[in-house]
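Peer 1: So that we are looking at the same thing, I have put the structure below in structure tokens.
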Amino acid sequence: MNLSISELITRLLRETWHRRILASLLFVITALIFLVLGLVWPKIYTSSSTVFVEHRSMLQPLMPDTAVNSTVVDRAKIAREIVFSRKSIAQILQNSQWFDTPPSDIEKDHLIESLKKRTEFMNLGENLIRISFKDDDPKRAFDTATLMTDLFIDESVRAKQAESRKAFDFIDNQVKQYHEKLTSAEQAIKDFRSRNIDATPGANAAADERLLQLKRQVESVYLEIYEEQSKLDATRRQLAGESGTQNSASINRETQLSNRIVELEQRLAELRLTYMDDYPDIIQLKGQIENLTQQVKDEIAARNSGVAVETTELRDGPIAQELQRQALRYQTTLSSLKSRKEQLESLMDKERETKNRINAVEAELAELTRDNDVNRQMYQQLLSQRENARISMNIDMENQGLTVRIQESASLPVTPKGIRFAHIILAGLFMSLAVPVGAAFGLSLIDQKVRDAAIISEKLNLPILSSLYPVTTPAMAKRNIIHASIVGFVVISVWSLYGFQIYLRLRGEM
Amino acid sequence: MSIIEKAMKVATSGSEEQIIDKIIEEEKRVSASRKKDPSLLGSSRNQISMMVQERVFSESELLSKGIVHSSMKDSVLLNKYRNLRTRLLATTEKENFVTLVTSVLPQSGNSLVATNLAATFAFDEGKTSLLIDANINNPELHSILDVNSELGIIDYLESDEINSSGILYETPIPRLRLLPSGKARVNAAEYFTSEKMKDLLKDLLERYPERFPVIDAPSITQSADTRILIDLCDKVILVIPYGRCSEEEIRYAAIAIGQEKLAGVVLNEF
């Protein structure tokens, strides 16, 4: 069935007129139902307040590098949690006149659930929260909204104070820990120092100097020893020079030996002219020459050394004696110098050992000092931070740095919100017309009777001669007018009833 | 019918003048196809003008009875009836033909349709119409036309003593005669099947040259009489009331009438 809008409207009106009794009844019933509904529907009053919340962690500005906060926070959810905490809800329950008689636990539970449903927390922007509460009593709605807002703010401030107190305590605790560390590090250095006295600053340099001095002393001792030795040698040569006979005898022996060698060499040369080298005489001769040459050498050596003189030939005589005394003195000096040299050298060794030890101690000390420095630095930093935290805490204690405040306080609601009398009345006016028309049209659709000429001409394929209607007789016209008047009267009386109720409502509310 | 509906009807039926022009044009065409000797026409006119007419309905009487007349205010309806008449004439070549008006369901307003159709035929001073009330169980026409009928078609068929002119009544509408049903009977079908009924119709047709008999029959789905009468007549008009019959009922009625005799349907109050 495809109807144009004008056809549809005609059809709707016609079917409604056709079933005018039913339609009128439905109109009256629907209108009255909505009217009654409008009268008994509870009035809901909403009171709401806006709270400005600037949420910042106390630790963040105080310890910018250490603490990291999560940035996305559902403030409305937090506010809901705060307001509906056990403590807060107990206060809300106490405050208003919710019950006439002392409630049972179940009643209380139901009320809490209903409070939760009737309260709305909404994020208005980054830092604004709206808290709204619905109730059928405007005064109670206002009181509860105000109380919830106050509770939220008190709780937030308290939480903030607790937070700054916590931040201070935390930093204070850290300060104490670092203080302990610093003290123990300093104590360790002190102990170490007392254990290693050498390890005073400059000990190493002193040791170096001492070592240098010892070295110089050793060198001078060496020089002295050399001097004494040469003196002793000279004295001894002088002593040897006193025995010149012995020397000439030695030279004589040498000359004899040399002559003999020359003779033998001549003989050897003569023999070589006639004989081969492996001739026994030649070999013998060679051996003799060699032997003699050795003897010459020994003689020269013995003469130069003069050793044999001392032991073999001691001379008496004053000069010799004097020289001998001198030599004896020199020998004594020399031996004393040598013992001194040894002593010096052992001192040097000791000094070297000390120097090594100093180096090791200094490395350990450097480490201890480094620890100490780091601790000291941290400690000083924390000390200044602790002072900041103390000031922040004091500010919060006096509510000076408040970041939670009422932006717009709750007001006493005058007009009810939500589905109101006016809405129901409007719906009633609409529905009271829509229901009868809809019902009449629905019935006309249900009965499956032919109401469309197109069905006859197109579907049943019957030729339509004409579409007629009865002549409107005066009786019919009169009847129609009477019926229309009755229907009109019914409609107008219902609307008057509506108007009267609206008037009463308006006057009552004004 | 409410005032709103009427207004809608006028609005949807287009300009009145156009409709009238169309009707006139069609009437010309139809009358041309039914051309007759002028002298013959004149004699039939004279014959008709001599018909007795004692009482005539006033306009207000017609209006209160719901009968159309040529000077009525509701020209839309008037033109619709004229249009219906013209179309009906166009369906057959026969000079005088019997039209039967029946409906799918009882109380569909077909008596008024039949009366108004007969009245429309009688608008023309050269034509007469005859209304036959075949609604034996529930005759209405005599009360619509204010005719005091003692005898009717059944009485005529039942007895041999009654003359056919004895049951033909004059009505307060000029050129319209009524053949009432007579006393209510139970087994009317048996009378309608008789030869006498056939003869009666033939006799009535031949009495005047331009006579258009219209039979008001009961609804076809309810009455066996109607089926028998269909055999005796030339054209059948089926009245379909608004919102009262189903598709199936209409189809059944159309089949019962048969395609040959069915001139077309008339929608009542659509």
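The values are calculated or read from the model by the stated rules, or taken from the named source; none is laboratory data. Model, not experiment: these values are computed from the prediction. Note that we place each Cβ from the backbone using ideal geometry, even for glycine, and neighbour counts take in every protein chain shown.
Peer 1: Looking at A:ILE419, is it within 8 Å of chain B (Cβ to nearest Cβ) and not hydroxyl-bearing (Ser, Thr, Tyr)?
Peer 2: No: the conditions fail for A:ILE419.
Peer 1: Can you pull out every residue in segment B:60-88 that is more than 9 Å from every other protein chain (Cβ to nearest Cβ), under 14 Å from the mean Cα position of the chain (by Cα) and in contact (Cβ under 8 Å) with a residue 60 or more places away in the chain?
Peer 2: Within segment B:60-88, B:THR86 is the sole residue that qualifies.
Peer 1: Give segment A:435-469 a look and list any residue that's away from chain B (no Cβ under 14 Å) and of a type in the set (A, V, I, L, M, F, W, C), or say none.
Peer 2: Answer for segment A:435-469, where residues must be away from chain B (no Cβ under 14 Å) and of a type in the set (A, V, I, L, M, F, W, C): A:VAL435, A:ALA439.
Peer 1: Which condition from (1) within 16 Å of the chain's Cα centre (by Cα); (2) at positive phi is the one that B:ASP146 breaks?
Peer 2: (1)
Here is a yes/no grid of residues against (1) assigned to a helix (DSSP H, G or I); (2) at pLDDT 90 or above; (3) closer than 30 Å to A:GLU345 by Cα:
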site	(1), (2), (3)
A:GLU155	yes, no, no
A:SER164	yes, no, no
A:ALA188	yes, no, no
A:PRO201	no, no, yes
A:ALA206	yes, no, yes
A:GLN213	yes, yes, yes
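Peer 1: Mind checking which residues of segment A:401-457 are among the hydroxyl-bearing types (Ser, Thr, Tyr) and either touching a strand residue (DSSP E or B) at 6+ places or on another chain (Cβ under 6 Å) or more than 30 Å from A:LYS160 (Cα to Cα) (or both)?
Peer 2: Within segment A:401-457, A:SER409, A:THR415, A:SER432, A:SER444, A:SER457 meet the criteria.
Peer 1: Residue under question is A:ARG451, and the condition is that it be under 20 Å from B:SER108 (Cα atoms), more than 60 Å from the chain's Cα centre (by Cα), surrounded by 12 or more Cβ atoms within 10 Å (Cβ to Cβ) and in contact (Cβ under 8 Å) with a residue 60 or more places away in the chain; does it hold?
Peer 2: Against the criterion (under 20 Å from B:SER108 (Cα atoms), more than 60 Å from the chain's Cα centre (by Cα), surrounded by 12 or more Cβ atoms within 10 Å (Cβ to Cβ) and in contact (Cβ under 8 Å) with a residue 60 or more places away in the chain), A:ARG451 qualifies.
Peer 1: Here's a follow-up. Return the pair list, or none, for Cβ contacts closer than 7 Å from residues in segment B:234-251 that are within 7 Å of another protein chain (Cβ to nearest Cβ) to residues that are assigned to a strand (DSSP E or B) and basic (Lys, Arg), at least 6 apart or on different chains.
Peer 2: B:GLY243/A:LYS449; B:ARG244/A:LYS449; B:CYS245/A:LYS449; B:SER246/A:LYS449
Peer 1: Within segment A:148-158, count every residue that is touching a strand residue (DSSP E or B) at 6+ places or on another chain (Cβ under 9 Å) and either more than 16 Å from A:VAL83 (Cβ to Cβ) or hydrophobic (A, V, I, L, M, F, W, C) (or both).
Peer 2: Final tally of qualifying residues: 4.
Okay, residues lined up against (1) under 40 Å from the mean Cα position of the chain (by Cα); (2) in a helix (DSSP H, G or I):
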| position | (1), (2) |
| --- | --- |
| A:ARG80 | yes, yes |
| A:THR101 | no, no |
| A:ILE112 | no, yes |
| A:PHE121 | yes, no |
| A:ILE129 | yes, no |
| A:THR144 | no, yes |
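Peer 1: Separate question: Quick check on my filter: what residues within segment B:156-169 are closer than 16 Å to B:TYR191 by Cβ and surrounded by fewer than 20 Cβ atoms within 10 Å (Cβ to Cβ)?
Peer 2: B:GLU158, B:SER159, B:ASP160, B:GLU161, B:ILE162, B:SER164
Peer 1: Given the residues A:SER432, A:SER409, A:SER496, which is the only one that is more than 11 Å from chain B (Cβ to nearest Cβ) and either in contact with a Phe, Trp or Tyr (Cβ under 7 Å, 6 or more places away or on another chain) or closer than 30 Å to B:ARG85 by Cβ (or both)?
Peer 2: Answer to the check: A:SER432.
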